[in-house]
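Each reported figure results from applying straightforward, stated rules to the coordinates on display, with no laboratory input. Here the structure is a predicted model, which is why all the values come from computation and not from measurement. All Cβ positions, glycine included, derive from the backbone under ideal geometry; neighbour counts span all protein chains shown.
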Amino acid sequence: MATKYIEINDDRPKPIIDKRPEDDYKNLDTKAIKEFSFNKSKYFQIDRNSLIPGSSVNFNIFIQKGMDFQAVIKADKESHVALNEELLNNFHSDAACEVVISEGDIHLYRSYLDSLLRSSKSSEKGQAHKKAFVIKENSKMLMKDLLNDPRSGEKIKEVKNSVNTITDSLLENKDMIYTMLTLSKYDYYTYTHCVNVAVLSIGLAIAIGLNKEYIENLGTGAMLHDIGKTAISSEILNKQGKLTEYEYKMIQEHVREGEKILKENKEIPEEAHSAVLQHHEKLSGKGYPYGLKGEEINLFGRVTGISDCYDALTTQRPYKHAFNPYEALKIISKETEDYDANLLTGFIKMLGKMKN
């Protein structure tokens, strides 16, 4: 049934008419949203393409549809379940869902990914793709941990190492960017968004010829760009409806809160801070938190802003559908008033091969 989603008064894309599953988020009360947010935090979103026929798992796999989580593969630590084409069709054939595992099984998933790398069944190209998947999925696990404990100096240090690994991989093979992105067509997970924005920002930095140190600093800031959202109440972050003026201002505070967290950690170079503080600034001066214009916005802020916008457009939200890469790039290409035209050109060329 066609559903019109309520307007949300912030800089997110405006609501549109779209078809959604029956069990969507409309007309949910605060208690239901809070309960769903709690339940969702107990799962971890995985890339369905990491589940390969011929491999086996020893952990349960679920699909998320609406607010429900349904087990589609049941396994345990002692008994592995072999993955075959017929079994994997349960979720490969249904793009309108997310594939998730229990938070408590993340360590088992990590071991599964390691086993994929050890397998010698793939071609050299296949092994390179497996490596890219593992790097991406490990980065998501790290970001989930960090968002649960945002002031952990050790985890922030690990983020830097993760960014360096992503940078090395993309410098070696730029086409790995397509493997390292998770196209989430059904629901939004902050840790996945953070990794996507980092990958996109690193890719764009490589495309415009920044040196490796700059790329790594930019990537670190981009990976941490939304860390300040950990200081905002989940009720406001997950609200389905028009934000009050107070709630809107609170949402905007995530950039300042993020910079505060970074300032507490000497591992993060000050140069990376602008990716966190300025990724919502617009060349037109209509952004936040300071309404900076044009060249007042640091290069890191401009790059991260484009990456953040693109990933938001290509990710499903309760108030908007996920645009395919072509649609998203078409929308962004028109935003020359807000985004650097030269960077937009480089960004579009970089993602020209993205599949819809």
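Please give the per residue volume of the convex hull enclosing the alpha carbon atoms of region 73-180, rounded to a whole number of Å³.
Hull volume normalised by residue count: 142 Å³.
Can you list the aspartates and glutamates whose alpha carbon is less than 19 Å from that of LYS242, not counting same-chain residues fewer than 8 positions off?
GLU7, ASP10, ASP11, ASP18, ASP24, ASP29, GLU253
Taking a virtual spin label 7 Å from the Cα of ILE208 along the C-beta vector, which residues in region 322-338 bring their backbone nitrogen under 18 Å of it?
The answer is 329, 332-338.
Using only the alpha carbons, work out the radius of gyration and Dmax of region 41-121 in angstrom.
Cα only, region 41-121: 12.1, 39 Å (Rg, Dmax).
Pick out, in residue order, every one of the GluC sites (Glu not before Pro) in region 64-120 that is DSSP loop and has at most 12 other C-beta atoms within 10 Å; say none if there are none. Don't skip to the answer; put the middle values down first.
On the way: sites: GLU78, GLU85, GLU86, GLU98, GLU103; in loops: GLU78.
Taking region 64-120 and a limit of 12 other Cβ atoms within 10 Å, the loop GluC sites (Glu not before Pro) found are GLU78.
Mind checking the dipole of region 241-356: about its Cα centre, +1 per Lys or Arg Cβ, -1 per Asp or Glu Cβ, Debye to the nearest 20?
Computed about the Cα centre, the dipole is about 520 debye.
Extension gain ASN39-GLN70, at 0.36 nm per residue separation less the Cα-Cα distance, in nm?
Details: separation 31, 0.36 × 31 = 11.16 nm, distance 1.25 nm.
Using 0.36 nm per residue and subtracting the Cα-Cα distance, I get 9.9 nm.
Which FRET efficiency, nearest 0.05, do SER152 and TYR326 yield, Cβ-Cβ r, R0 41 Å?
Details: r = 39 Å, r/R0 = 0.95.
My answer for the efficiency is 0.60.
Expected output is a single nm value to one decimal: the length gained when fully extending between SER333 and ASP175, i.e. 0.36 nm times separation in residues minus the C-alpha distance. What is it?
54.7 nm
Among all the aspartates and glutamates, which ones have a C-alpha under 14 Å from LYS125's C-alpha, if same-chain residues fewer than 8 places away are not counted?
In chain and number order, the partners are GLU172, ASP175.
Name the residue, out of SER123, SER233, SER152, whose mean-square fluctuation peaks in a Gaussian network model built on the chain with Cα pairs under 10 Å.
Most flexible of the set in this elastic network: SER123.
In debye to the nearest 20, how big a dipole does the chain give about its Cα centre with +1 on each Lys and Arg Cβ and -1 on each Asp and Glu Cβ?
Taking the Cα centre of the chain as origin, the dipole is about 460 debye.
Please give the FRET efficiency for SER79 paired with ALA32, using the beta carbon to beta carbon distance and R0 = 45 Å, rounded to the nearest 0.05.
It comes to 0.80.
Would you calculate a helix-derived [θ] at 222 nm for the chain, using -39,500 (n - 2.57) for each DSSP H run of n ≥ 4 and dividing by the full residue count, to the nearest 500? Each step should come with its number before you reach the end.
Details: 15 runs with 172 residues, N = 356.
The helix-only estimate for the chain comes to -15000 deg cm²/dmol at 222 nm.
Could you check the spin-label model distance between THR190 and LYS249? Points 7 Å from the Cα along Cα→Cβ, value in nm.
So the label points at THR190 and LYS249 sit 2.2 nm apart.
If the chain between ARG110 and LYS125 were fully stretched, how many nm would it gain, using 0.36 nm times the residue separation less the Cα-Cα distance?
Between ARG110 and LYS125, full extension yields an extra 3.2 nm.
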